[in-house]
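Taking it in order: structure first as structure tokens, then the write-up.
Each reported figure results from applying straightforward, stated rules to the coordinates on display, with no laboratory input. Not measured: the values here are computed from a predicted model. Here the Cβ positions follow ideal geometry from the backbone for every residue, glycine too, while neighbour counts run over all protein chains shown.
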Amino acid sequence: MFFPDTMLGGALLLWFILTGLSLVVLIHDLQTNTPTQWVMKLAWILIVLYTGPVGLVIFFLSCRQPIAGTHDQFIEAHWKQSVGSMMHCVAGDATGIILAAIVTFNLGLPNGLDLIIEYVTAFIIGLLIFQALFMKSMMGGNYFLAIRKTLFSETVSMNMVMVGMIPVMAILRGVIPDGGDPKTPIFWGISSVATMAGIITAYPMNSWLVGSGLKHGMMSAVTDATKPMDMSKHKAPDVSTAKKLAVVAFTIACLAIAVWITTFFIELKL
């Protein structure tokens, strides 16, 4: 990996240095201060890896307890719970997308097929690891029940992540030389920008999911997460099948519009 002797190269080098420092600060805090679940710890590490100091600032504002023993109270606000919901979704989806992008680049596949494979990979990783594993303990340890219970939330959240990520990834990789080559710094810079775009577009949907009782947010290791869900503390879902289908259709329409907008800037080939 090399940095071109340009202003862009200098900016990327600075960004990666700040990202490295942000990871050091985050990991130290997760080990010594903030008592969050292991899945959330993994999610925060991946988020800061992809979004650098931006992710670290979000962590400090929404998850890091300012005083020992106050984590449950600190993360109680709805917007912080929504951030937690969004973060472990984006972490899984972005990881799947980046891993698939590395593989598809080496296979030399058309860019449109790349996006399809990236979407499918992101969905699988997001559902099977960052959603189902996160909820497994609340489903009495039943992993397959957790998959079934999180399928809807992962689908709609994933679609909204891709609404932000697809245009950024596809357009920038298409117009910037070597933008799709994972051996170059620009690929990772583009991945960072795309992940931040996905965070923005995914937050409103995750806010609705948490508010509707369809998804959990920023869980704490202080809370006993080995027990089934305590509905006295969490809003019980009351969303009809028809409304769920309407929400799925809405996210698909948003994703289709994002892809359509992308075609104004680059040609997508299958």
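Relative to the longest principal axis of the Cα atoms of the chain, the long axis of helix 78-107 makes an angle of roughly 40 degrees. For the residue pairs Lys80/Lys243; Lys183/Lys215; Lys80/Lys183; Lys149/Lys183; Lys41/Lys136, the alpha carbons lie more than 28 Å apart in Lys183/Lys215; Lys80/Lys183; Lys149/Lys183. Per-residue ellipticity at 222 nm, computed for the chain from helices alone with -39500 (n - 2.57) per DSSP H run of at least four residues, works out to -24000 deg cm²/dmol. A convex hull fitted to the Cα coordinates of the range 94-172 yields 82 cubic angstrom per residue. A simple charge model with +1 on the Cβ of Lys and Arg, -1 on the Cβ of Asp and Glu and nothing else charged puts the dipole of the chain at about 640 debye relative to its Cα centre. Could you list, bin by bin from short to long, the percent of Cα-Cα pairs of the chain in 5 Å steps? Values per bin, smallest distances first: 1, 6, 12, 17, 18, 16, 13, 8, 5, 2, 1, 0. Our summary of shape: the Cα atoms of the range 16-162 have principal axis extents of 51, 42, 23 Å, ordered from largest down, in whole angstrom. Per-peptide packing, taken as the mean over residues of other Cβ atoms within 10 Å, places 184-197, 78-91, 109-122, 256-269 in the sequence 78-91, 184-197, 109-122, 256-269 from highest down. Helix 38-62: angle to the longest alpha-carbon principal axis of the chain, degrees 0 to 90, nearest 10? Approximately 60 degrees, to the nearest 10.
Descending by average beta-carbon neighbour count within 10 Å, the peptides 12-20, 165-173 line up as 165-173, 12-20, the highest first. Phi angles of the range 188-198 translate, via the Karplus equation with coefficients 6.51, -1.76, 1.60 and θ = phi - 60°, into HN-Hα couplings of 6, x, 5, 4, 5, 5, 5, 5, 5, 5, x Hz per residue; Gly and Pro are given as x. Size of the range 82-219: Rg and Dmax of its alpha carbons, in Å, are 15.3, 50.
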